[in-house]
Amino acid sequence: MPDPPPLSLSLRPWPINLNPDSSEQLPSLISRIQAQYGHFRGVSEASLEAEIASASDPTATTDSNTTPPPQLHPEPSSPPPSPPNTGFQSTLDSTSSANNVANPNEPTDAAKAKAEMLETLMSAHEDAMLMLDYLSLLVSQHQPEMGTATMSPALKQVVKPGTLGWDRVTRKIDPKAYTVDDKVTRSWKRAGLESAASALLDASKTLVTRIEKEQKYWEQVKAIRDEGWTVVRHPKEKNVLAVRYGFAESGDMFREKGIGALRMKDDGSVVMDDVGVTGIHGNALLRVRIMKNGETIGISVQKERRNGVPGSLRDQIERARNFIYDDELFFELCREARLLAHVGVRTEEGSVAIDLADQRCIIIDMQPLDTDLTDPSDLLSSLTPNDSETAQAILTTLRILLSYCHRASYHRRSQPPPPITPNKPKPPPLSLLRPIATHLFHQTSISNLRLILTKLSKSALAAGFPRAGLGFTISPYIHLAEKAKSPEFMKQENGVEKTIKLFSDALESVATVTLPGKVHCAIKIRTRLQPAWMGTKFSVTVTAGNSSDKDVVGEVDGESIKQQQHAEFWMIEGVGDYIQLCLERGIVREILTWKLGWRQEVEDGEIAKSIDGVARKVRVAVGRNGVSVTEGVTGGRDEIWVWGEDWGGDPEGRGLREVLERSRKKTAP
């Protein structure tokens, strides 16, 4: 007789004391269905149709050799119509009576399964209890308390605790089998030892190689530290050393960028990360060019490697330091240039320009090293040496000034902090362009003044005035000696800071001019680019002989300077006009000392005298073309003589005195 088909029946009771509409029945229902019918993946359309057909025809019979199809919702596991208040047994009984209406005396499959299950469980329970009694009796020989605690009462009545003992039985071993086992054991041990020895040998070789690499790496790292560089732990990568080549007093944008990872190569040597991506402009350094009329007449030269060869590790660190240093320098220059736009400093695309006189301009920008492969000697040979030296000096000065600003920031940070305020003050831009522009503008003013005085001196010499009573001297930077002797300056200990501070303040020079007629002019040139006032101020003081020159009168730029001993100008043109006026009045004073009969009747540079009842007048004027003298009579034709820088006013080469003496003889009877 074939085995009956397996019974799919969930033994979990139907949930009780639950609301039929509650969602808490769903997990229990799903687990019952899966335990009874398997997973939902086994359900197909054919099985569902067969279940529906069997449910509609309960009298249908199946072949004895065919397993009935599984039912998705059989009656035994479905809930009763009333609330489930009975146990599992009542559910099986009610279900069994409903499925066997035709033959109530025949036991159902559920009842048979229950009986078989109970029989199996009882048998297993008896076996487990017997095993427990056996082990408890065996243990009671050595540990009576532990063994007696788990013995059944029936066993205690029949057998006393500790009466069952045990002993090990020695098995007789075959000598041949022992020999085979011994050979196998020895072979396995030999193979294991050989494998361990090979692994240890490979590990020792790897360790030696690693030690050599580590030794080489740490020796180079120690050499970097011995050279003065700071070796730290990388802030963004674990287990990585780094060298700090940046500057602690840099701005917020560049403070965290000055660090490079020191990585180990395959041979153990140290290699640093690519420094071309360290700064904003990459592999570039600061460049200064001097241009005139759109052409380069001077340029600074970079001393870095231009062929792309990385060089030693020290060279790489120094290059990275130079890149980030010049990046910060150019950034601060652009910030400061926006505040100096009114004095001729402008920012263009990727550059800073300082406009000077004579169509000259200084351009400061960043130059990538890989774009210019020209030999420095060939480049400098095609340019003006003095202008190239000036460009190189400006570049060096800018770098020194940035280092000075870093030192000043360190000193401020070392001092006690100021009181806390609601609005945190923003640090002002660094003073980098101001000292450079101050010197350039001051030198330009001195050069322009020297050009004006030279031209006037040559014109006066051409007019016949003696060289002894005519000339000028310019003493640049006379304030440096006075400041160097001040108590505040003497208190400072660092000589470099003293020198930089001297040249960072306002600059002052003095020009002394001697004119005909014993007229002396003292011109003080003071250039300052600070918030109080910005620009170059010319202070002119005029004296004649031992007293103030009250005869020096006139008009300059529409402003009356009558009886003015001291005048101030902000433009070099005004100074030139005023010096021309002083020279004009000095010539008149000199003519009056010749005792030729001329007298000064008006105050605009005219002298007059009467010869045989004829009034003759001479007008002296000094302009950009030189010294001009106009002589004539009222109602007659005037004669004009002009003595310039490169020519004389008289065809015969006579001077002003000879011309006036000839005029006296000409009018004599």
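The values are calculated or read from the model by the stated rules, or taken from the named source; none is laboratory data. Note that the structure is a prediction, hence the values are computed from the model and not measured. Ideal geometry is used to build each Cβ from the backbone, glycine not excepted, and the neighbour counts take in all protein chains shown.
Being in a helix (DSSP H, G or I) and modelled with pLDDT under 90 narrows it down to one of ALA177, ALA191, so name that one.
Details: ALA191 fails: modelled with pLDDT under 90.
Going through ALA177, ALA191 in turn, just one is in a helix (DSSP H, G or I) and modelled with pLDDT under 90: ALA177.
Examine segment 342-364 for a residue that is in contact with a strand residue (DSSP E or B) (Cβ under 7 Å, 6 or more places away or on another chain) and in a helix (DSSP H, G or I), and state whether such a residue exists. Yes, some residue in segment 342-364 is in contact with a strand residue (DSSP E or B) (Cβ under 7 Å, 6 or more places away or on another chain) and in a helix (DSSP H, G or I).
Taking ILE297 as the residue in question, decide whether it is modelled with pLDDT under 90, part of a loop (DSSP other than H, G, I, E, B) and within 27 Å of ALA437 (Cα to Cα). Show your work before the answer.
Numbers: modelled with pLDDT under 90: yes; part of a loop (DSSP other than H, G, I, E, B): no; within 27 Å of ALA437 (Cα to Cα): yes.
So ILE297 fails the test.
Among the candidates VAL275, VAL240, which residue alone is farther than 20 Å from HIS406 by Cβ and at pLDDT below 85?
Working: VAL240 fails: at pLDDT below 85.
Being farther than 20 Å from HIS406 by Cβ and at pLDDT below 85 holds for just one of VAL275, VAL240, which is VAL275.
With respect to THR421, is the statement that it is hydroxyl-bearing (Ser, Thr, Tyr), surrounded by fewer than 17 Cβ atoms within 10 Å (Cβ to Cβ) and free of Cβ contacts under 8 Å to residues at least 24 places away in the same chain true? Lay out the reasoning, then the answer.
On the way: hydroxyl-bearing (Ser, Thr, Tyr): yes; surrounded by fewer than 17 Cβ atoms within 10 Å (Cβ to Cβ): yes; free of Cβ contacts under 8 Å to residues at least 24 places away in the same chain: yes.
When the stated conditions are applied, THR421 passes them.
Say whether the condition of being in a loop (DSSP other than H, G, I, E, B), among the hydroxyl-bearing types (Ser, Thr, Tyr) and over 24 Å from GLU332 (Cβ atoms) is met by at least one residue in segment 260-275. Yes, segment 260-275 has at least one match.
If the requirement is being in contact with a strand residue (DSSP E or B) (Cβ under 8 Å, 6 or more places away or on another chain), at pLDDT below 85 and either assigned to a helix (DSSP H, G or I) or in the same structural domain as GLU573 (by TED's automatic domain parsing) (or both), which of these qualifies: SER509, SER445, SER459, SER539?
Working: SER509 fails: at pLDDT below 85; SER445 fails: at pLDDT below 85; SER539 fails: at pLDDT below 85.
Sole residue among the options that is in contact with a strand residue (DSSP E or B) (Cβ under 8 Å, 6 or more places away or on another chain), at pLDDT below 85 and either assigned to a helix (DSSP H, G or I) or in the same structural domain as GLU573 (by TED's automatic domain parsing) (or both): SER459.
Among the residues that make up segment 204-212, is at least one of them within 30 Å of ILE317 (Cβ to Cβ), touching a residue at least 12 places away in the same chain (Cβ under 8 Å) and assigned to a helix (DSSP H, G or I)? Yes; the residues of segment 204-212 include at least one that is within 30 Å of ILE317 (Cβ to Cβ), touching a residue at least 12 places away in the same chain (Cβ under 8 Å) and assigned to a helix (DSSP H, G or I).
Could you tell me which of the residues VAL180, VAL231 is surrounded by 10 or more Cβ atoms within 10 Å (Cβ to Cβ) and in contact (Cβ under 8 Å) with a residue 24 or more places away in the chain? Steps first, please.
On the way: VAL180 fails: in contact (Cβ under 8 Å) with a residue 24 or more places away in the chain.
Exactly one residue qualifies, and that residue is VAL231.
Evaluation of PRO161 against the conditions (1) out of contact with any Gly (no Cβ under 7 Å at 6 or more places or on another chain); (2) more than 30 Å from ASP266 (Cα to Cα) shows that the sole unmet condition is (1).
Going by the conditions given, is THR473 exposed (fewer than 12 other Cβ atoms within 10 Å of the Cβ), under 30 Å from SER628 (Cα atoms) and at pLDDT 80 or above? Yes, satisfied.
Within segment 127-156, residues that are over 19 Å from ASP167 (Cβ atoms) reach partners that are part of a helix (DSSP H, G or I) and of a type in the set (D, E, K, R) with beta carbons closer than 9 Å, at six or more positions or on different chains, in the pairs THR148/LYS156; THR150/ASP133; MET151/ASP133; SER152/ASP133; ALA154/ASP133; LEU155/ASP133.
Take the conditions (1) free of Cβ contacts under 8 Å to residues at least 60 places away in the same chain; (2) small (Gly, Ala, Ser); (3) in contact with a Ser or Thr (Cβ under 8 Å, 6 or more places away or on another chain); GLY165 misses just one of them, which is (3). In this structure, GLY162 does satisfy being of a type outside the set (Val, Ile, Thr), outside any helix (DSSP H, G or I) and surrounded by 10 or more Cβ atoms within 10 Å (Cβ to Cβ). Listed conditions (1) part of a strand (DSSP E or B); (2) at pLDDT below 70 are all met by GLY649, apart from (1).
Going by what's in this entry, would ARG225 be described as outside the structural domain of SER403 (by TED's automatic domain parsing), part of a helix (DSSP H, G or I) and in contact with a strand residue (DSSP E or B) (Cβ under 6 Å, 6 or more places away or on another chain)? It is true that ARG225 is outside the structural domain of SER403 (by TED's automatic domain parsing), part of a helix (DSSP H, G or I) and in contact with a strand residue (DSSP E or B) (Cβ under 6 Å, 6 or more places away or on another chain).
In segment 348-362, the residues that are under 21 Å from LEU329 (Cβ atoms) form Cβ pairs under 7 Å with partners that are of a type in the set (Lys, Arg), at six or more places apart or across chains, as follows: ALA353/ARG346.
Identify the residue in segment 584-601 that is acidic (Asp, Glu) and at pLDDT 70 or above and, among all such residues, is nearest to the chain's Cα centre (by Cα). Before you say what the answer is, go through the steps one by one.
First, the residues of segment 584-601 that are acidic (Asp, Glu): 584, 590, 601.
Imposing the further condition that a residue be at pLDDT 70 or above reduces the set to 584, 590.
Details: GLU584: 61, GLU590: 68 Å.
By that ranking, first place goes to GLU584.
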